[in-house]
Amino acid sequence: MGFIGIVDETDRLYPYSSKIFESAKNSSITVFASIVSLMECSYVLKKIIRKDSQVTEILHMLLSLENVHYLPLTSNIFVEATDFIVNYKLSLSDALIAATFLKVENAEFISSDSDFDSIPFIRRISLEEIKL
């Protein structure tokens, strides 16, 4: 999910991310995201902003969004992710996100990260493709 896109208006994904989160806020859709996505967002925000208080404020805002549910990391997800690292050459974070996605039934995988395309049984939809 495009978490950085929703908080940084200069990000190229801002228009797409903000539409998705606005739709979630209005209850037209429900968003599921791995807690790992939020963790990655915090790393990027720390590089961009550098002030812990501002990073924390943004993370609290992301955590408070209605109809956005953060899925926890479990040992089963971690084990499955290690297979993704070996078989599909994903980074640990991407492998954890992909393994978490597989735990959600009837969901669409939305990401602008083409690294996920290496997993043949996950159909990635880019943020730019979303029509809301």
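The values are calculated or read from the model by the stated rules, or taken from the named source; none is laboratory data. Every value quoted in this text rests on a predicted model; they were computed, and no experiment measured them. When we count neighbours, we look across all protein chains shown, and the Cβ atoms used for this are built from the backbone with ideal geometry, even at glycine.
Hey, among the residues in segment 85-120 that are outside any helix (DSSP H, G or I), hydroxyl-bearing (Ser, Thr, Tyr) and in contact (Cβ under 8 Å) with a residue 60 or more places away in the chain, which one's surrounded by the fewest Cβ atoms within 10 Å (Cβ to Cβ)?
My answer is SER112.
Scan THR82, THR100 and give me the residue that is more than 18 Å from the chain's Cα centre (by Cα) and either of a type in the set (A, V, I, L, M) or over 19 Å from VAL44 (Cα atoms) (or both).
THR82
Please verify whether segment 64-72 includes one or more residues that are crowded, with 18+ Cβ neighbours inside 10 Å, polar (S, T, N, Q) and assigned to a loop (DSSP other than H, G, I, E, B).
No, because not a single residue in segment 64-72 is crowded, with 18+ Cβ neighbours inside 10 Å, polar (S, T, N, Q) and assigned to a loop (DSSP other than H, G, I, E, B).
Could you give me the residue pairs with C-beta distances under 7 Å whose first residue belongs to segment 38-61 and is over 20 Å from LEU73 (Cβ atoms), whose second residue is modelled with pLDDT of 90 or more and charged (D, E, K, R) wherever it lies, and which are 6+ apart or on separate chains?
Cβ pairs passing all conditions: none.
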